[in-house]
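Notes follow once the structure below has been shown.
Just so it is clear, none of the values below were taken in a lab; they were calculated from the coordinates. Given the structure is predicted, the values throughout are model-derived calculations rather than measurements. Cβ coordinates were reconstructed from backbone atoms using ideal geometry, including for glycine residues, and neighbour counts include every protein chain displayed.
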Amino acid sequence: MSIFTQTSKDQRLALRVGAFVAMAFVLAGIVVFFIGQKTHLFEKQVSYRAYFASVEGLSSHSPVWLNGLEVGRVEAVGFPSKPGEKRMEVRLRLSTEYAQRVRADSVARLSSLGVLGDKAVDISLGSLDQPEVPEGGEIPSETSGDVSAMMRSASKVLDDAVAVSGELRKAVTVYADPKMAQDVAAGVRSLRLMLEEIEKGNGTLHALIYDEQTGRDVRALVANASQTAMRMDKAVAHVESLLGEVEHGNGTAHALIYGQDGANALKELGSAAGQLAGLLEDAKKNPDGAVHQLVYGSAGGMLADLGSAAADIKQITSMVARGEGSLGGIITDPTVYEDLRQVVGNVKRNRVLRALVRFAIDNNDNVQYVGVPLKQPKDEGSQRAIGGAGPDSPSPGDAPPVPVVAPLPGKAP
C-alpha cells in the first residue's frame, strides 16, 4: 500500500508514529550525550593504577576526582597481580586533557561520597617540576579517614561512655546511703572546726599562716636549706671529680688502687706489721731490754731522771741569763763581742794568718794526713795528697810515721 493510496486517516496515524519515533531517537541521543559527557565516554582517556589497604565502599564506575573536580571513573577493583602485595589494586581512567596534571608527587586518597559509605578516588595536583606519571603507571596512595572509620570510632566512644555512666551510677548509689551522708556531714564539721582552730588558735599552723615573723623564719630556713643543698651538690661534684681523677689519673691513689704498686705496698705493709709484731713480742719476752722497761717497767726512775735533767737545764739557762760563765759572758757582755770582732779583724789584716785559714779550708780533707811519711805510689800517674796522703796510705801495721811539716806559703794567694 502506497502512502499516496492511503486515506487521510491512515496518513495521520503514520505521521504520528513517525513523529513519535523521531522524538524517541532525539531523546535517546540527548540521554546518550549527557551520559557520555558525565562519564567521559566520548573523550580520549588514559589509565593509571593505585593501591589501597582497604577498598570498602569503592566499586567500578566510582568517580575519580582531581583536587575535587571529577575527571574520570574507576575502571576496575581487584586483587593485585603481584603475589606479595597486600594492598588492593584499583584501575583508574582519566581524561587525557587532565593527564598532564598527574605528577610523580600526586597522591591518591579515598574520599567518602556521603553517609552511606560510597567512596571516590581523589588525586592531588602535582608540582610542575616533577615528571608526569606515564600511562599505566602507579599513582602513590595514602590512607585517609572515612565516615565508616569515624562511625566505628564513635561507636567505641559511645560504648566507653555507657560503661563510665554505669560506674558513675554505682558510685552515686553508694553515696546515696543516709549513713554515708551522715559520715560526710560529720567529716565536713570536723574540717570546719579544724580550720577555725587554725585561724583563731596559737598552734604551729596558725603561726605558719598568720604570723609574719614565722613566715620570715620559714623562708630563711628554706633559703638555708637551699644553700646547704647547693653546697652538698658542689661537694658531691668535687668528690666525683676526685674519684674520676683517682680512677683515670696517674697519681699515687690510682697506683695503689688500680696498679700493681698498691698490692706491693700492701705486701710490704703486711711484712712491716709482722716485723713490728715480732719486735713487740721480743720486747715483751725480754725483761732486761730498754723497750721492755719503757713499756712494761716502772716509770718512776725514768721520770726522776727526766726531772733532774730538766732542773739542770733550768739552772744552766738561769746562769746564762745572769751572764755567768763563758756562754753567759758571750751573750750578755758586749765587750766579749767587741773583742771577737777585733780578733777576726786582726786575722783578716794579717797575711800569714789569712793564708793559714785559707790553706786549712782548701785542704780540710787532707789535714788528717799531715805528718804522715810519703810513700812511693805503684803507678807513675798516681796523684799525691799533701803530706803523702793518697791511695797507698800507711796501714796500722807499717812502721811509725816520721813527722813531716808542710811548708807554709811564702806569699798570700
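Taking 0.36 nm per residue of separation and subtracting the Cα-Cα distance, full extension of the segment from Ser54 to Ala229 would add 56.9 nm.
Taking the Cα centre of the range 40-142 as origin and assigning +1 to Lys and Arg Cβ atoms and -1 to Asp and Glu Cβ atoms, the resulting dipole is close to 220 debye. Cβ-Cβ distance of Ile316 and Glu338, R₀ of 22 Å, FRET efficiency by 1/(1 + (r/R0)^6): the value works out to about 0.30. Put a dot 7 Å past the Cα of Glu135, heading toward its Cβ, do the same for Ala186, and the two dots end up 9.1 nm apart. Full extension of the chain between Glu281 and Glu240 gives 10.4 nm of extra length, using 0.36 nm per residue less the Cα-Cα distance. Overall dimensions of the range 146-282, expressed as equivalent-ellipsoid semi-axes from the Cα gyration tensor (√(5λ), whole Å, largest first), are 67, 36, 21.
Modelled spin-label separation between Ser81 and Glu97, with each label point placed 7 Å from Cα along the Cα-to-Cβ direction: 3.1 nm.
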